[in-house]
1. Condition (residue is away from every other protein chain (no Cβ under 14 Å), of a type in the set (Gly, Ala, Ser) and either more than 26 Å from residue A:492 (Cα to Cα) or in contact with a strand residue (DSSP E or B) (Cβ under 7 Å, 6 or more places away or on another chain) (or both)) applied to the stretch A:660-675: is it met by at least one residue?
2. Which of the numbered conditions does residue A:434 fail, given that it passes all the others? Conditions: (1) under 36 Å from the mean Cα position of the chain (by Cα); (2) assigned to a loop (DSSP other than H, G, I, E, B).
3. One residue is enough: does the stretch A:508-523 have a residue meeting the conditions charged (D, E, K, R) and farther than 22 Å from residue A:467 by Cα?
4. Between A:341, A:407, which is within 24 Å of residue A:526 (Cα to Cα) and in a strand (DSSP E or B)?
5. Please work out which residue is nearest to residue B:80 (Cα to Cα), limiting yourself to the stretch B:132-158 and to residues that are within 12 Å of chain A (Cβ to nearest Cβ), out of contact with any strand residue (DSSP E or B) (no Cβ under 6 Å at 6 or more places or on another chain) and among the aliphatic types (A, V, I, L, M).
6. Suppose we filter the stretch B:129-141 for residues that are β-branched (Val, Ile, Thr) and outside any loop (DSSP other than H, G, I, E, B); how many remain?
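The values are calculated or read from the model by the stated rules, or taken from the named source; none is laboratory data. Everything quoted here is computed from the prediction, not taken from an experiment. Neighbour counts run over all protein chains shown; Cβ positions are idealised from the backbone, glycine included.
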Amino acid sequence: MNQSTIQATCKTSSLARLRCRVGTLLRFSAAPSVMLLTLLALGFLAGCVSYRSAKGVSTISARLGSQRAAEPGALPSLDEELWVIARSEGIEAVREPESPGSGALLGKEAEGKEIPLPLKRTAVKAAVNGNLATVAVTQQFENPFGHKIEAVYVFPLPHNAAVSDFVLTIGDRRIRGLIRERAEAERIYKEARQQGYVAALLTQERPNVFTQSVANLEPGQPIDVILTYYHTLAYDDGWYEWVFPLVVGPRFNPPSSTDGVGAVAQGQPGASGQRTEVPYLRPGERSGHNLDLEIDLVPGVSLEETVCRSHAVEVERPDPGHWTVKLKPADTLPNRDFVLRYRVAGERIKANLIAFQEDQGGFLTLMVYPPKELERLTRQPLEVVFVLDCSGSMRGWPITQAKGAVRRWLTQLQPDDTFQLIQFSATASALGPTPLPANPDNVRRGLDYLHGLEGEGGTRMIEGLRAALDFPHDPARLRFVCFLTDGYIGNEAEILGELQRRLGQSRVFSVGIGSSVNRYLIEHLAKLGNGAVAYLGPHDSVTDVIDRFHTRLSHPVMTDLVVDWAGAKVTDVFPRRIPDLFVGRPVILTGRFTGPPPHRAQVRGRIGARTLEFHVPGRTVLAPGNRSLPSVWARLKMADLMDAAVLGTGAEALADEIKALALEFNLLSPYTAFVAVDASRQTSAGDPVTVPVAVPIPEGVEYEMTVPQHTQGEKTPEPAGPHP
Amino acid sequence: MGPGTQGFACGLAAPRWLAPLLLDLALGPGARGQSPSPAEPQVRFRVVDVFVDSVNRPLAAYQLVFEAHGSDVKIVGVEGGESDAFREPPHHDPRAIQKERVILAAFHTGASLALPKGRTRVATIHVQVQGATEPDYEVRLVTAATVKARKIQATVHAEERKTP
């Protein structure tokens, strides 16, 4: 008999707890009203690999009938030709713009109208407690065609999401999926699909890009897939930020790449030649995909203000200490990140150490806030290298915002600072060969150079990265490299590996520009570059964002942080390399311990030549009801291993370690996947027709500049990639 | 599609060695280790219902272990039961799942009237089976309890569902 411990937490008005051990009796509190059941023995982990064939994809066409989509949710009517694309192994792609299977007819007939697609609704319910969020995402699929289909939907989640639960819902039946090694999950799914069973597969293509596949959707039959994840919230200068990304931006992939995330026009599957593909609706088309979003906010401290610049929301306060934020029904187009910020009372959150004690140890989280005196010290002279993404996806509003940010920043440099401007698209170029003193004449030269930059061409970020990091360094100054980009690339691992190899004495600061930026890349540029991150959305003020960011950089940084856990046996603390402390931004560490929990943490670091030391008192929570922390810890460990893997050494062993962790903690990862099969009923005979779910282009991004229009026989984009 | 009912019933007090014997007595020697019919694919999907019989006591909580033997069986889904009290899919231990063994647990603290009595389906296991023979399913009840956390006598039974 398995002797693992199972803990059940019974949440009543008094939060009574219930525990039981395998082989022992359950003990209940009296008359509890609401209950949460958790299993201590539950592991979490996840990873995935694409379900698609490594041989690539090919297309066949299938005629579904002469039908028209009359209204959302209705079957296509009988006076319209509809063609959808099926994906099948071993059949070479054949695409003719006006032929069945090209998808062109569908687009043409539906110009300016709703495109019949199988994803009807996404409902997001988030519960935020302190800095931890538990988020349930329901994706409701419904087949609008007259033939059974397989729906394939590529979608984003936060890059630090620990996806730990997956439930397939058919009518009132709910089937919990299981985490498996990715290849095994893909085999199970494929077999179930071929035999006509309803099945769902969830894979991870990037830390923030996922694929949901649902096989054998019968006409008119709604099927929900519910996935649950945990993640931590960012905290910055008194503000917490909760983000839910809604669309994957169109990404550039280097010409030789096949493992990227490709952008294709709706109805042209396989055209990008990439393993993962996002089909985009053309201008004037819409999908009928609706969004519901609701956040329960229990910050644990007084909340002073909520701000949502990305969407229209309703905020209510049902009781003290509890807020609800709901998306207004008129603002449900899923074409940009949902960003909710809220300010908590008091000048700042205090440093704290919380240990979650279980039978044999537990998990801990330590938040270290910069010492106050950091704000009183002034910085050394800087050497700032601005690196602007001038690719096609930045054309229009994004490049205007980016130029505004650099303009603002340039005018705030001190006379003893130096600067340089580098732009990259298909190639990289610079204002000059050496750093320029930030005097009025040079700043004017910089502003003139900036004025002439436009967004066009591919996103060869690696060129910009090399140009910036290889730029001659003045050892008398602190070197800051500042990237301003939407991060729309598919070769993140190559970029991050190159960054680690060339970083030297530089610190990298990244500013995400746009409505749906690649936050994984933006965050990791700063994380691996020992810097900080900021986001500039379409509705944000350049002045506010850049001034706040600049303030952070205008003071020295506390470096070389070391934590002494006061004798406790603390291991596996992540991030493994403790980040430096900047003004206004705390560092959060998560680890596990065995034996007694630490009662305090002693933190030591350097500010210039000085050594500073302070302690953080700890408190212990016994048998916590919230099981999110182990998942968050495991997700952090996986991220740490992935960061090491991008350097290319020992990648196989690291992959094995990530996989084992994912299986133990029931988490999605690049090497694990969730699969669920309803084996109780076979659908009608025949293979389902594959229908990729097309999505809107992100707000502010120009479709023509980012989504290549392929013609017959053209498999991959021209060398410049999806950004012509 | 299925080869017929297979099952294993086990009361809390029953010695483990009795299980195979009881199964054979109940189903006959031909019920175990059957081959799939020639028309069936080598990789096939099956549904196994898990029942708990609490006789006349309201069942508020249970924990059980489900295993499959004798063939290459992969668990591909865990579904809730027939009673509203156990409608949600039970939680399971993911480490056990990797060895195709499911440790399931669920509890409900609603009014006793809402709790099932007698024989009730508490879960359904969806499996993928590969190989020439049909698997044997074994299920063991670890514990069953009332809403007041009192242990109750109960039996558990796994039964492969006949699908059309």
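1. No; the residues of the stretch A:660-675 include none that is away from every other protein chain (no Cβ under 14 Å), of a type in the set (Gly, Ala, Ser) and either more than 26 Å from residue A:492 (Cα to Cα) or in contact with a strand residue (DSSP E or B) (Cβ under 7 Å, 6 or more places away or on another chain) (or both).
2. Here residue A:434 meets the rest and fails (1).
3. So in the stretch A:508-523, the residues charged (D, E, K, R) come out as A:519, A:523.
Subset that is farther than 22 Å from residue A:467 by Cα: A:519.
Yes, the stretch A:508-523 contains a residue that is charged (D, E, K, R) and farther than 22 Å from residue A:467 by Cα.
4. Working: A:407 fails: in a strand (DSSP E or B).
Exactly one of A:341, A:407 is within 24 Å of residue A:526 (Cα to Cα) and in a strand (DSSP E or B), namely A:341.
5. From the stretch B:132-158, those within 12 Å of chain A (Cβ to nearest Cβ) are B:140-152; that's our starting set.
Applying the additional criterion that residues be out of contact with any strand residue (DSSP E or B) (no Cβ under 6 Å at 6 or more places or on another chain) yields B:146-150.
From what is left, the residues that are among the aliphatic types (A, V, I, L, M) are B:147, B:149.
Values: B:147: 19, B:149: 21 Å.
So, considering only residues that are within 12 Å of chain A (Cβ to nearest Cβ), out of contact with any strand residue (DSSP E or B) (no Cβ under 6 Å at 6 or more places or on another chain) and among the aliphatic types (A, V, I, L, M), the one nearest to residue B:80 (Cα to Cα) is B:147.
6. Taking the stretch B:129-141 as the starting set, the residues that turn out to be β-branched (Val, Ile, Thr) are B:129, B:133, B:139.
Right, trim to outside any loop (DSSP other than H, G, I, E, B) and you get B:129, B:139.
Number of matching residues: 2.
Condition check ((1) within 29 Å of residue A:183 (Cα to Cα); (2) part of a strand (DSSP E or B); (3) of a type in the set (Ser, Thr, Tyr)) across all residues:
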position	(1), (2), (3)
B:44	yes, yes, no
B:65	yes, yes, no
B:116	no, no, no
B:122	no, yes, no
B:127	yes, yes, no
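Residue-wise test of (1) at the interface with chain B (Cβ under 9 Å from one of its Cβ atoms); (2) under 20 Å from the mean Cα position of the chain (by Cα); (3) surrounded by fewer than 24 Cβ atoms within 10 Å (Cβ to Cβ); (4) at positive phi.
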{"site": "A:159", "(1), (2), (3), (4)": "no, yes, yes, no"}
{"site": "A:162", "(1), (2), (3), (4)": "no, yes, no, no"}
{"site": "A:168", "(1), (2), (3), (4)": "yes, no, no, no"}
{"site": "A:172", "(1), (2), (3), (4)": "yes, no, yes, no"}
{"site": "A:191", "(1), (2), (3), (4)": "yes, no, yes, no"}
